[in-house]
Amino acid sequence: MRLGDREEGTARYHEALQATEASLSARAFEREPLEWASSQESLGLIYSRIFERDGEKDALRKAADAYGQALKGYSPDRNPGAWAQTENNLGRTLLKLGELEGSPERLAEAQTHFREALRVFSRKRTPLQWFATIQNLGLALESAGLLSKESAPLDTAVAVWRDAVLAVPRERAPFQWAVAQSSLAHALQTRGEKFDRIEDLREAVAAYAQALEASPRQRNPQLWASTRNNLGVALKALGKRETGTQSLSEAVAAFNDALDVWTEDNAPQLRKTAQENRAKAQAMIDERGVKR
């Protein structure tokens, strides 16, 4: 499959599919449950890669089926690591499907599988896997919140990230802490924009600022640019709801900082989006200046 990762198209992935399916046909679940589960896990990974290349939702559905089959061969007691990773992989697949289909049901399933994985993954024993799963759970909750008329999914997303910020030690893991802080800010920003809560937007702005302190530009320029851009979006949303132009001017400055990192060569689409957001913020400033 590594060769397929380096080549364009999906031909190598389909070759890997044939080989894995042949391996499965030669095995019986009853005799070799772990080997059978591992082959099903491989099928899920291959179908996921095919989706990434050609965008076919059917590949995602097949990936979800394969991960679900793999879980039959693993146990949280006998194979906790493999079981939890498969739960996480299945959750990620259902999250993508839920977003593509606009399906609250898929997103709820995804959340269930992430929570199952978190029965095994913990901050102390498996910090990287724990944090990755927390990120996935937060994304699933935010996506569900965008589809819901109620604030409950976004309320839970905010709570998940508040707990994560407290659990991650800022001094020993500044990158993770900054990501958690930025994710908390994004959840607050999403809730603030959707339900017109100005206090959420103000807290989001403060949270982004804290994330930037923990992860300065020289340490991680791309993360810094992404956070500055998101801060600009939050300030623009806040400025839209306030009088005056201070927040809007700060938004323009934040977008300018992001654009200083995102070039036509290294991030053309991100650069275009930041330019569009900057133009909108500047237009609001100009409009308010004329009205005076």
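Please treat every number below as a calculation from the coordinates, not as lab data. These figures come from a predicted structure and were not determined experimentally. All Cβ positions, glycine included, derive from the backbone under ideal geometry; neighbour counts span all protein chains shown.
A few comments on the model shown:
- Once the Cβ-Cβ distance of Gln275 and Leu128 is raised to the sixth power relative to R0 = 45 Å, the FRET efficiency obtained is 0.80.
- Going by neighbour counts of Cβ atoms within 10 Å, the residues Leu188, Leu95, Leu223 line up, fewest first, as Leu223, Leu95, Leu188.
- Aspartates and glutamates with Cα under 13 Å of Lys57, excluding same-chain neighbours fewer than 8 positions away: Asp65, Glu99, Glu101
- Taking every C-alpha pair closer than 8 Å and separated by at least 6 residues, the mean separation divided by the residue count of the chain gives a relative contact order of 8 percent.
- Computed over the alpha-carbon atoms, region 120-222 gives an Rg to Rh ratio of 0.99, Rh here being the Kirkwood radius from the mean inverse distance.
- Too-long pairs where the Cα-Cα distance tops 32 Å, listed order kept, from Lys72/Lys124; Lys124/Lys149; Lys149/Lys280: Lys124/Lys149
- Relative contact order %, region 178-292, counting alpha carbon pairs below 8 Å whose residues are six or more apart: 20
- Backbone N within region 166-184 under 12 Å of label point (7 Å from Asn220 Cα along the Cβ vector): 173-183
- Ranking of Ser182, Ser48 by neighbouring Cβ atoms within 10 Å, starting from the fewest: Ser48, Ser182.
- Mean Kyte hydropathy of -1.0 or more with a Cα span along the axis of at least 27 Å, helices from DSSP in the chain: 33-54, 80-101, 127-147, 174-195, 221-241
- Debye, to nearest 20: dipole size of region 71-112, +1 on Lys, Arg Cβ, -1 on Asp, Glu Cβ: 180
- Multiplying the residue separation of Asp163 and Asn266 by 0.36 nm and subtracting their alpha-carbon distance yields 33.7 nm.
- Note on region 178-292: along the principal axes its Cα atoms extend 42, 29, 21 Å, ordered by decreasing extent.
- Here the residues Ser39, Ser75, ranked from fewest to most Cβ neighbours within 10 Å of their Cβ, fall in the order Ser75, Ser39.
- Rg/Rh for the chain (Cα atoms only, Rh after Kirkwood) is 1.04.
- Glu105 versus Ala152: modelled label distance in nm, points set 7 Å from Cα along the beta carbon direction: 1.8
- Kirkwood Rh, angstrom, region 87-138 [1 / mean 1/r, Cα pairs]: 10.7
- Average projection area in nm² (convex hull over Cα atoms of region 222-263, one quarter of hull surface): 2.4
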